[in-house]
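First comes the structure, then the notes that go with it.
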Amino acid sequence: MSEICQQLHDLFNGLPRHRFPFDELAIPRNGIYILFEKGEHAHGVDRIVRVGTHTGESQLRSRLKQHYMNENKDRSIFRKNIGRAMLQRAGDPFLEQWNWNLTTRKARERYLPLLDEEKQRQVERAVTEYIRQNFSFVVFGVDKKGERLEWERKIISTVSWCEECHPSPN
Ligand SMILES: [Zn+2]
């Protein structure tokens, strides 16, 4: 698996790299995105740290905006995980509230009265700042939803089984 993973890394590292603020028109309407994080390396190049796609037709650009701009962690598991990592590292007990999923009305009725909303806004801002400064990405177009999901699954599988891809200690 390492050899195919090496090929994937070479391929994706060779594509035009996008960073915030990115040019939306340079991004296909349908496709897959591959994220890289500053300081993370594998196979002699930047390490693939996340692979993602979208389900709705023509939603690739808005999916990327949900990660980079929309300060709502319940609409982006990527944002949620970055926030988790930051809170975990800081030993911050707000982590418990950050894990609440507030997308349903029922959950909001139950949790909103208990939520430290100012703190939540602060963490959302910190996540946005971190993502904008540390993550870059490449994209490639795949028009059909079934094919997008298949490629996403295959790439994630290859990278996660690879014995040479490891997160840095930090
Ligand atoms: Zn690898």
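Read-outs throughout are calculated quantities, based only on the coordinates presented, and are distinct from any laboratory measurement. Because the structure is predicted, anything quoted here is derived from the model rather than measured. Because the Cβ atoms are built from the backbone with ideal geometry, glycine has one as well, and the counts that use them run over all protein chains shown.
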| task | Please give the helix 117-134 orientation as an angle from the longest Cα principal axis of the chain, in degrees from 0 to 90, rounded to the nearest 10. | result | 20
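Need one number: the % of Cα-Cα pairs in the range 2-161 sitting beyond the 23 Å mark. Walk me through the numbers before you get to the answer.
Values: 5584 of 12720 pairs.
The share of Cα pairs beyond 23 Å in the range 2-161 comes to 44 percent.
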| query | Angle, helix 2-13 long axis vs. longest principal axis of the chain, Cα atoms, 0 to 90°, nearest 10? | reply | 80
| request: Would you grab the residues whose amide H sits under 5 Å from the one on Asn70? Only those 5+ places off in sequence or on another chain, please, with H modelled 1.01 Å from N. | output: none
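In the range 47-102, what GluC sites (Glu not before Pro) fall in a loop by DSSP, with at most 12 other Cβ atoms inside 10 Å?
On the way: sites: Glu57, Glu71, Glu96; in loops: Glu57, Glu71.
Passing both the DSSP loop test and the Cβ count: Glu57.
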| task | May I ask you to derive the FRET efficiency for Trp151 and Arg89 from their Cβ-Cβ distance with R0 = 25 Å, giving the value to the nearest 0.05? | result | 0.20
| query | What trypsin sites (Lys or Arg not before Pro) in the range 22-97 are in a loop by DSSP, with at most 14 other Cβ atoms within 10 Å of the Cβ? | reply | Arg29
| task | Using the Karplus curve 6.51 cos²θ - 1.76 cosθ + 1.60 with θ = phi - 60°, work out ³J(HN,Hα) for each residue of the range 54-69 in order, rounded to whole Hz, and write x for Gly and Pro. | result | 9, 9, x, 4, 6, 9, 4, 5, 6, 5, 5, 5, 4, 6, 8, 10
| field | Low-density loop cleavage sites - GluC sites (Glu not before Pro) in the range 1-51, where at most 13 other Cβ are within 10 Å (DSSP) | value | none
| query | Taking the Cα atoms only, what angle lies between the long axis of helix 145-161 and the longest principal axis of the chain, rounded to 10 degrees? | reply | 90
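In the structure shown, do any of Lys73/Lys144; Lys38/Lys119; Lys38/Lys65; Lys106/Lys144; Lys119/Lys144 have a Cα-Cα gap over 31 Å, and if so which?
Going by Cα-Cα distance, Lys106/Lys144; Lys119/Lys144 fall outside the 31 Å limit.
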| Cα-centred dipole magnitude for the range 2-161, charges only on beta-carbon of K, R (+1) and D, E (-1), debye, nearest 20 | 360
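Counting only helical runs of four or more DSSP H residues, what would the 222 nm mean residue ellipticity of the chain come to if each run contributes -39,500 (n - 2.57) and the total is spread over all its residues? Present the calculation step by step, with values, prior to reporting the outcome.
Details: 7 runs with 81 residues, N = 170.
Calculated at 222 nm, the ellipticity per residue is -14500 deg cm²/dmol.
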| task | Please check which bits of the range 47-77 a label hung off Ser136 would reach, taking the label as a point 7 Å along Cα-to-C-beta and the cut-off as backbone N under 14 Å. | result | 47-49
| task | Taking amide H positions as placed in the peptide plane 1.01 Å from N, state which residues far from Cys165 in sequence (5 or more) or on other chains have amide H under 5 Å from it. | result | none
| said: What is the distance in Å between the Cα centroid of the range 1-77 and that of the range 119-147? | reply: 8
